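The values are calculated or read from the model by the stated rules, or taken from the named source; none is laboratory data. Computed from a predicted model, the values in this text were never measured in an experiment. No Cβ is skipped: glycine too gets one built from the backbone with ideal geometry, and neighbour counts run over all protein chains shown.
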Amino acid sequence: MRLIDLEVFITRNKTPGKGGRYFIFVKLSTACGIVGYGEVYAASIHPHTMKSVIVDVFERHMLEENPQHIEIMFRRVYSSGFSQRPDPTVMGAFSGLEIACWDIVGKYLNQPIHKLLGGKVREKLRTYTYLYPEPTQLASEFYTSPILSAEAAEKAVALGFTAIKFDPAGPYTIYGGNQPTLYDLELSESFCASIRSTVGTKADLLFGTHGQFTPSGAIRLARKIEKYDPLWFEEPTPPDSARNMHTVSKHTKIPIATGERLTTKYEFAELLRAGAASILQPALGRVGGIWEAKKISSIAEVFSAQIAPHLYAGPIEWAANIQLSLTLPNFLLLESIETGGGFHTELLKSSLIWEEGYIIPSELPGLGVELNETTAREAAYSDDDLHLSMSDVENLP
């Protein structure tokens, strides 16, 4: 087998509040006619500029290569330009291409990817979802209302979810880390109180902050919400300092979760060595792909850390997360976007199976899903905004 062709799809998300403004899918083809799909989760530059990066990475390091040679292709990309250091844009490009290579290899061998990574250690995967507003609700009202979020949590639990995530602690700004305002502290506690009162012990609470706070600010917030026993406190400080996150972990009983903005085993190893987090959240479309995430998971085992793959992307990354998670003895939770329906389902030729809070894995070869190329092309993205944006307005009292 050898890789001979690449196609990149930049697809506008019909529901941008559920997975970002767009998805970047890749399609690799081999000389023997096998096609594989992947997804890139890298959003620091415009997606059309990112397309050029993806093409360059493919043509420079992967074209004419055997898709089974994952390790050597990773080393070429990681070392490109005499770098040999984590780069979220370059490694993001490789991540999607690497996922597509695994899809090809699985199809070539007529096996699901999980059977090529050591095999399943569980038959189904526990999932969680963010709480999202109903189509008739204003997002600005929903995300500041403990009552509306508690109602959404009740509906999620009725569907079968046993874990739910929310992040009411103020806007994400370029000024992080900062101190939470008194309003942020009060609102965060109100959210936890309202949701815990509604769901009782039927669901774990997952508290997100997206790296907004200084260590001392995160500790203040943790003390406000500890009594509601969240399963995790997600990314309490910016992701660029494992030492700062360790400071928070020493001062709270809540497990620290992080990793969606990190790339490669080297950055995750720093977290583990620092004792900064006990729950890791690699995003497979950014971290280096499936094989790199498998390595991270194995390193995490040594530190008694668990894996909860991140998902704020499209269904191809979700399918990759599923294949990896099935093989992990230290798997904790799998993020989903509600039950995976809506536009995510439209983008696939066959749906992923979600039942009563769990993913039931496919035994089809490769990723177990096929991209609906017609839908992906018809929803081409042409706007200028990035996948997600941070505010440049400081969060003041």
Notebook entry, point to check: Considering Pro397, Pro329, which residue is modelled with pLDDT of 95 or more, surrounded by fewer than 19 Cβ atoms within 10 Å (Cβ to Cβ) and of a type outside the set (Gly, Ala, Ser)?
Noted result: Pro329
Checklist line | Filtered residues of region 250-277 (kept if hydrophobic (A, V, I, L, M, F, W, C), closer than 17 Å to Leu231 by Cα and part of a loop (DSSP other than H, G, I, E, B)) | finding: Ile254, Ala276, Ala277
Notebook entry, point to check: Within region 64-79, which residues are touching a residue at least 24 places away in the same chain (Cβ under 8 Å), part of a helix (DSSP H, G or I) and surrounded by 12 or more Cβ atoms within 10 Å (Cβ to Cβ)?
Noted result: Ile70, Met73, Phe74, Tyr78
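Quick check on my filter: what residues within region 225-249 are on the phi < 0 side of the Ramachandran plot and part of a loop (DSSP other than H, G, I, E, B)? Explain how you work it out, then say what you get.
Filtering region 225-249 for residues on the phi < 0 side of the Ramachandran plot gives 225-228, 230-234, 236-249.
Matches in region 225-249: Pro230, Leu231, Pro236, Thr237, Pro238, Pro239, Asp240, Ser241.
What residue, of Val105, Val26, Val40, Val35, is within 23 Å of Leu371 (Cβ to Cβ) and touching a Ser or Thr at 6+ places or on another chain (Cβ under 6 Å)? Before you say what the answer is, go through the steps one by one.
Numbers: Val105 fails: touching a Ser or Thr at 6+ places or on another chain (Cβ under 6 Å); Val26 fails: touching a Ser or Thr at 6+ places or on another chain (Cβ under 6 Å); Val40 fails: touching a Ser or Thr at 6+ places or on another chain (Cβ under 6 Å).
Checking each option against the conditions leaves just Val35.
Surrounded by fewer than 22 Cβ atoms within 10 Å (Cβ to Cβ), under 30 Å from Lys14 (Cα atoms), at pLDDT 95 or above and touching a helix residue (DSSP H, G or I) at 6+ places or on another chain (Cβ under 8 Å), is that true of Pro309? Step through it out loud before you land on a result.
Numbers: surrounded by fewer than 22 Cβ atoms within 10 Å (Cβ to Cβ): no; under 30 Å from Lys14 (Cα atoms): yes; at pLDDT 95 or above: yes; touching a helix residue (DSSP H, G or I) at 6+ places or on another chain (Cβ under 8 Å): yes.
No; evaluated as a whole, the condition is false for this residue.
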Checklist line | Selection status of Glu7, more than 20 Å from the chain's Cα centre (by Cα), in contact (Cβ under 8 Å) with a residue 24 or more places away in the chain and not in a helix (DSSP H, G or I) | finding: no
Checklist line | Candidate set: region 162-193, residues that are surrounded by fewer than 23 Cβ atoms within 10 Å (Cβ to Cβ), polar (S, T, N, Q) and out of contact with any Gly (no Cβ under 8 Å at 6 or more places or on another chain); chosen: the one farthest from Tyr130 (Cα to Cα) | finding: Thr173
Note to self: When you scan region 170-182, do you find a residue that is in contact with a His (Cβ under 7 Å, 6 or more places away or on another chain) and either modelled with pLDDT of 95 or more or farther than 18 Å from Trp232 by Cα (or both), even just one?
What the structure shows: yes
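Would you point out which residue out of Tyr22, Tyr37 is buried (at least 17 other Cβ atoms within 10 Å of the Cβ), of a type outside the set (A, V, I, L, M), modelled with pLDDT of 95 or more and out of contact with any His (no Cβ under 7 Å at 6 or more places or on another chain)? Give the derivation first.
Details: Tyr22 fails: out of contact with any His (no Cβ under 7 Å at 6 or more places or on another chain).
Being buried (at least 17 other Cβ atoms within 10 Å of the Cβ), of a type outside the set (A, V, I, L, M), modelled with pLDDT of 95 or more and out of contact with any His (no Cβ under 7 Å at 6 or more places or on another chain) holds for just one of Tyr22, Tyr37, which is Tyr37.
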Item checked: Among the candidates Arg196, Arg220, residue that is surrounded by fewer than 19 Cβ atoms within 10 Å (Cβ to Cβ), touching a residue at least 12 places away in the same chain (Cβ under 8 Å), more than 17 Å from Ser278 (Cβ to Cβ) and in contact with a strand residue (DSSP E or B) (Cβ under 9 Å, 6 or more places away or on another chain) -> Arg220
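Do you know which of the residues in region 128-178 that are assigned to a strand (DSSP E or B) and touching an Asp or Glu at 6+ places or on another chain (Cβ under 7 Å) is nearest to Gln323 (Cα to Cα)? Full working, then the answer.
In the first step, residues of region 128-178 are kept if they are assigned to a strand (DSSP E or B); the result is 128-130, 163-166, 173, 178.
Then drop every residue that is not touching an Asp or Glu at 6+ places or on another chain (Cβ under 7 Å), which leaves 128-129, 163, 173.
Numbers: Tyr128: 17, Thr129: 19, Ala163: 21, Thr173: 34 Å.
Looking at residues that are assigned to a strand (DSSP E or B) and touching an Asp or Glu at 6+ places or on another chain (Cβ under 7 Å), I get Tyr128.
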Notebook entry, point to check: Say we look at region 80-105 and pick out the residues that are assigned to a helix (DSSP H, G or I) and among the small types (Gly, Ala, Ser); which of these is surrounded by the fewest Cβ atoms within 10 Å (Cβ to Cβ)?
Noted result: Gly81
Item checked: Residue list for region 53-63, restricted to those being under 23 Å from the mean Cα position of the chain (by Cα) and either outside any helix (DSSP H, G or I) or farther than 14 Å from Glu98 by Cα (or both) -> Val53
